[in-house]
Ligand SMILES: Nc1ncnc2c1ncn2[C@@H]1O[C@H](COP(=O)(O)OP(=O)(O)OP(=O)(O)O)[C@@H](O)[C@H]1O
Ligand SMILES: [Mg+2]
């Protein structure tokens, strides 16, 4: 390899990583998958948390305090959205419940479901 | 089955949901039928799980519920123990009286206005071991698989006949093979619901099922069969295969609706918890029309064959 082609390769790699970095910015789901793939722990806040938190996974990978912390900053509507999206509660189950009760339910059910599925 | 002069009056009380092919939607169809018949027609349905995979039991009760049931001494494996020990055939004590997840059914019950209900005689993974133990024991006494199936069928017949006055329908979720247990289930059934996929290997499995059951269990099987094409992906290939099944190979069989493949079915069968309830609309979402038609068509089939007093709609 000549110096010239070396330069060329580095420039191309830079471009590649830049594209990846930009894509990760724009696409948090991909970022999370990549970060998880290298074995790092990820936690989320705000609207991203609503989109990306998986209660069953969280029930296995973190302790109860960690689980509750992931929901602590969410609004009532967000908590309901997460529970519904992960099939942990129906609208009927959640009717009239406040955030603390919903988080209790989420924890109980996520632990149970994850235990059923975990080998 | 009783006789009126020379004319056979058949009852449609025991329905086997069966196919030799695995994974064609037997358990899912069992649960959809139970929910929809209870919800739309107000029927009192018992779901009997004869499969050690315990899938319909999980769908109805959740996995935790299946274990809880077993801890309370419930489950089909107890029927085998009873048979092995020569005790009187009785299924009542092994039934979970509440396997309802539909809010409207629960709400009516709370007001003592029961209008449609589901109970379950669940399976537990233990069933596999118990069936093996039974086979070991039976064959060591020079019994054969056929004599075992026949003796078990008599035991089931006795056990279920006490239940017939208590339920409108008994649905048997059968395993995908011909073990003595599944043969006994097929032998006591009056009607067969045969789910199948619209593909070549499933057509093959369905054909095998029809010919085996036709020769060994029910000569008039064709007349007693209700087939449902499940997990239908609307492709050219699937449409062709379905058309062949309905118009050529199984042209004498009553076909219920074609059930599309849908994620909604997966979530509907994954009950969040044993104390979780959902409205029929919430549970089945955009599939609710398909699930309603499944029950409507099944009821039409039963009426057309004149097996039963009429079932009428109680909810739309
Ligand atoms: N309409 C549908 N849309 C999407 N998935 C479906 C549908 N019907 C069934 N399935 C899925 O297909 C798989 C097989 O269904 P099911 O367990 O009901 O089949 P089965 O015939 O009872 O299987 P087995 O032979 O193992 O007892 C399951 O994962 C189920 O969730
Ligand atoms: Mg099954």
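Tabulated values for the structure
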{"item": "Projected area, mean over directions - region A:34-109, Cα convex hull, nm²", "result": "4.8 nm²"}
{"item": "For the protein assembly as shown, average projected area of the Cα convex hull in nm²", "result": "29.2 nm²"}
{"item": "Over region B:276-316, volume per residue of the alpha carbon convex hull, in Å³", "result": "82 Å³"}
{"item": "Simple spin-label estimate for residue B:312 and residue B:204 in nanometres, 7 Å along Cα-Cβ", "result": "4.9 nm"}
{"item": "For region B:43-167, the spread of Cα positions along each principal axis, largest first, Å", "result": "55, 30, 20"}
{"item": "Percent RCO, i.e. relative contact order, over chain B, from Cα pairs under 8 Å lying at least 6 residues apart", "result": "28 percent"}
{"item": "Cβ-based exposure ranking for B:310, B:27, in which fewest neighbours within 10 Å come first", "result": "B:310, B:27"}
{"item": "Sequence of B:278, B:199, B:35, A:63 once ranked by neighbouring C-beta atoms within 10 Å, starting from the fewest", "result": "A:63, B:199, B:278, B:35"}
{"item": "Residue order, fewest to most beta carbons within 10 Å, for B:129, A:24", "result": "B:129, A:24"}
{"item": "Rounded to 5, percent antiparallel among DSSP beta bridges of the protein assembly as shown", "result": "15 percent"}
{"item": "MRE, 222 nm, helices only [DSSP H, n ≥ 4, -39500 (n - 2.57), over the protein assembly as shown, to nearest 500]", "result": "-16500 deg cm²/dmol"}
{"item": "Overall form of chain B per C-alpha gyration tensor (a/c, 1.5; a/b vs b/c)", "result": "rounded"}
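No lab work stands behind these numbers, since they all come straight from the coordinates. Worth saying up front: this structure is predicted, and the values here are computed from it rather than measured. Virtual Cβ from ideal backbone geometry, glycine too; neighbours counted across all protein chains shown.
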